[in-house]
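Written below as structure tokens is the structure these notes are about.
Only the coordinates and a few stated rules stand behind these numbers; no lab work does. Keep in mind that this is a model prediction, so the values were computed, not measured. When we count neighbours, we look across all protein chains shown, and the Cβ atoms used for this are built from the backbone with ideal geometry, even at glycine.
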Amino acid sequence: MIKFDSVSKSYDARTRKALDDVSFEAQRGEFVFLVGASGSGKSTVIRLILREEVPSSGRIHIAGKSVVKMPSWKVPYLRRGIGTVFQDFRLLPNKTVFANVAFALQVIGKSRAAMSTLVPDVLETVGLAGKEKRFPHELSGGEQQRVAIARAVVNKPGILLADEPTGNLDPATSADIMAVLEKINRNGTTVLMATHDGDIVNRMRKRVIELSDGHIVRDVEQGTYGVAS
Amino acid sequence: MRAGFILSEVVSGLRKNFSMVLSVILVTFVSLLFVGAAILLQMQVGQMKDYWYDRVQVSVFLCPPSSEAPTCVDGEATEEQKADIRESLEGSELAPYVDKIYFEDKAEAHQHFQEQFEGTSLEGTVPQEDMNESFRVKLKDAEKYEIIKEYFSATPGVEEVVDQNQLLDRLFGVLNVATVVAVAIAGVMLLCAMLLIATTIRLSAFSRRRETGIMRLVGASNTFIQLPFLLEGVIASAIGATLSAGALGLLVHFGVTGWLQNQATGFNLVSGVDVLFVAPILIAIGVIMAGASSLITLNKYTKV
């Protein structure tokens, strides 16, 4: 589903590479943690998958398609197959929960009928049924992140990218969010989650890829956050 | 669905940036008013040229019954003198310069005079007997008018040689200068309008960066993201262009048709019909200008 093949990326020729010869592959339906210190290259991986950046060298294939050679007009179609969730939720404050989720369908030209079936469905999945008419400021952080997850997966993408999705949440709420992500993963969506949260990684026992200074230093099934544990 | 969404984005954008949109409308309005004025001036020049150049270029006016010109001391030009003049005009000496000759008698002269000043205070002021008979001469080269003038300067029976074009050319000169001034002002104003549109779109894109960021993330196409901004600029500028066409129409209706035409100029002046022709040009200029500056700005500020 996601395939990196000797990918290097440098933002500036003089500074060191953000990613250096990174290769990994995530299968359909896999759940992968991307761990590592700040500046280790986690965000660069996510930006490359979304094709917000192109690699300096190497090949990236998403769902079998080369992202590097993709003409820019096709990029939106690539992104329709990828859901993305961030630490800061990125909701529209003047729209209701329903409208925030529907927005993702609206701007890719989906019909009103599609919205009225897909949006309640996905809100049910993330556990927000009954809160459609609330505004983001009326929700807790955990609920806001659920809205963001609902928006990311409403179009049923094959891949869900999560960049520190629990970074702003307390441990209990984080666990709830992880339960939602796991549920989505069980439905067949490949989940790639960049995180600092060792507890979560240790509890989930999923595949862990660790980055350090742009290199993959560890890639283990059912791994933990730190090598020692 | 899509059209409805884009439209609602456009409306909200226009409302959020109301003061900027208003300034775009006003600047476009003023600049296109000058463009329209320049076009109308040139249409006026063209109309007059069409009318006159095909007709006569030099008029050799013959002595009327009473004239104070030294060549007319013997009174009205005789048949003999007329025959001499015609002979000279058709003769070999002037052949390289003269293209066509046409004799206008008193009845025709009077009729033309009446037509020309129809509806003005001059209509009917000169009786037919007092009109000049004349040879109307079309030159091969309009610049060689002096030769004809010299040639007949002392010919008995010729009152005056008048080059119609020279009178017109002076007028055309004034109109052309006015056109250049109008175009120059319009150019500066159009540049202002383009920069203003660029700034407006930057502001608009900045105030909606949250929305556009999410739109990009969930895979909205570039066109879909940029179209509302583009339409915002284009609509504002189209409104300005429409206003300028309307103002031009009012100016022509009250200023030219309502006032200048009554000042007995004797020319056909531009009218409301010509404004109808200019209006789509102005709107097209406004739309293209706004579209171009929007696209350039958008490619800079809302990249994928």
Item to complete: Provide the percentage of antiparallel DSSP beta bridges, counting only those with both residues in the protein assembly as shown; round to the nearest 5.
Response: 65
Worksheet, complete the sentence: Taking r as the C-beta separation of B:R210 and B:A284 and R0 as 22 Å, the FRET efficiency to the nearest 0.05 is 0.05
Practice prompt. Please give the peptides A:16-24, A:149-157, B:192-200 ranked by average Cβ packing (other Cβ atoms within 10 Å per residue), highest first, as a rough proxy for protection.
Written response: A:149-157, B:192-200, A:16-24
Item to complete: For segment B:212-228, just list the computed ³J(HN,Hα) in residue order, Karplus coefficients 6.51, -1.76 and 1.60, θ = phi - 60°, integers in Hz, with x standing in for Gly and Pro.
Response: 5, x, 5, 4, 4, 5, 8, x, 6, 6, 4, 4, 5, 6, 8, 4, x
Discussion item. I need the calculated FRET efficiency for the pair B:F103 and B:K138, taking r as the beta carbon distance and R₀ as 22 Å, to the nearest 0.05.
Written reply: 0.95
Response to the item:
Sorted by chain and number, the residues with a modelled amide H under 5 Å from that of A:S56, at a separation of 5 or more or across chains, are A:S8, A:K9, A:S10
Worksheet entry | Across chain B: Cys residues that no other cysteine approaches within a C-beta distance under 4.7 Å | B:C192
Worksheet item: What average number of partner chain Cβ atoms lie no more than 10 Å from the Cβ of the residues making up A:104-117?
Response: 4
Practice prompt. Over the whole of B:211-217, what's the average partner chain Cβ count within 10 Å per residue? Rounded to a whole number, please.
Written response: 6
Worksheet entry | Order by protection proxy (mean Cβ within 10 Å, highest first), peptides A:72-81, B:82-91 | A:72-81, B:82-91
Worksheet item: Rg and Dmax of the protein assembly as shown, Cα atoms, in Å?
Response: 40.1, 132
Worksheet item: Fewest to most neighbouring Cβ within 10 Å: what's the order for B:Y145, B:Y97?
Response: B:Y97, B:Y145
Worksheet, complete the sentence: Residue-normalised 222 nm signal for chain A, counting each DSSP H run of n ≥ 4 as -39,500 (n - 2.57), nearest 500 deg cm²/dmol, is -9500 deg cm²/dmol
Worksheet entry | Percent of alpha-carbon pairs separated by more than 23 Å within segment B:166-268 | 54
Worksheet item: Where Lys and Arg each count +1 and Asp and Glu each count -1, what net charge lies around A:G83 among other residues with Cβ under 12 Å from its Cβ?
Response: +3
Worksheet item: Relative contact order of chain A: what whole-number percent is it, with Cα pairs under 8 angstrom and at least 6 residues apart?
Response: 28
Fill in: Tensor-based shape of chain B (alpha-carbon gyration tensor, a/c under 1.5 rounded, otherwise prolate or oblate)
prolate
Worksheet entry | Tilt relative to chain B, helix B:106-116 - C-alpha long axis, 0 to 90 degrees, to 10 | 20
Worksheet item: Going by a ≥ b ≥ c, the root eigenvalues of the Cα gyration tensor, does segment A:81-166 fall in the rounded group (a/c under 1.5), the prolate group (a/b larger than b/c) or the oblate group?
Response: oblate
Worksheet item: Cα gyration tensor of segment B:94-180, axes a ≥ b ≥ c as square roots of the eigenvalues: rounded (a/c below 1.5), prolate (a/b > b/c) or oblate?
Response: oblate
Worksheet, complete the sentence: Two pseudo-spin positions, 7 Å from Cα along C-beta at A:S111 and at A:N187, lie apart in nanometres by 2.1
Worksheet, complete the sentence: Nearest-0.05 FRET efficiency for B:A83 and B:L175 at R0 = 45 Å, using Cβ-Cβ distance, is 0.65
Item to complete: Based on a Kirkwood Rh over C-alpha pairs, give the Stokes-Einstein translational diffusion coefficient of segment A:9-50 at 37 °C and viscosity 0.692 mPa s in µm²/s.
Response: 279
Item to complete: Working from Cα positions, state the angle (0 to 90°, nearest 10) between the long axis of helix A:171-186 and the longest principal axis of chain A.
Response: 90
Practice prompt. Specify the angular offset, from 0 to 90 degrees and rounded to the nearest 10, of the alpha carbon long axis of helix B:79-90 from the longest principal axis of the alpha carbons in chain B.
Written response: 50
Fill in: Built amide H within the under 5 Å cut-off of A:G83, gap 5+
A:I159, A:L160, A:L161
Worksheet entry | Distance violations [Cα-Cα > 22 Å] among B:K82/B:K138; A:K9/A:K156; A:K110/A:K156; A:K65/A:K110; B:K82/B:K149; A:K42/A:K95 | A:K9/A:K156; A:K65/A:K110; A:K42/A:K95
Item to complete: Count charges around B:S8 for me, please; just the other residues with Cβ under 14 Å from its Cβ, Lys/Arg as +1, Asp/Glu as -1.
Response: +3
Worksheet item: Can you work out ³J(HN,Hα) from phi for every residue in segment B:280-293, in order, using Karplus 6.51 cos²θ - 1.76 cosθ + 1.60 and θ = phi - 60°, giving whole Hz and x for Gly and Pro?
Response: x, 5, 4, 5, 4, 4, x, 5, 5, 4, 5, x, 5, 5
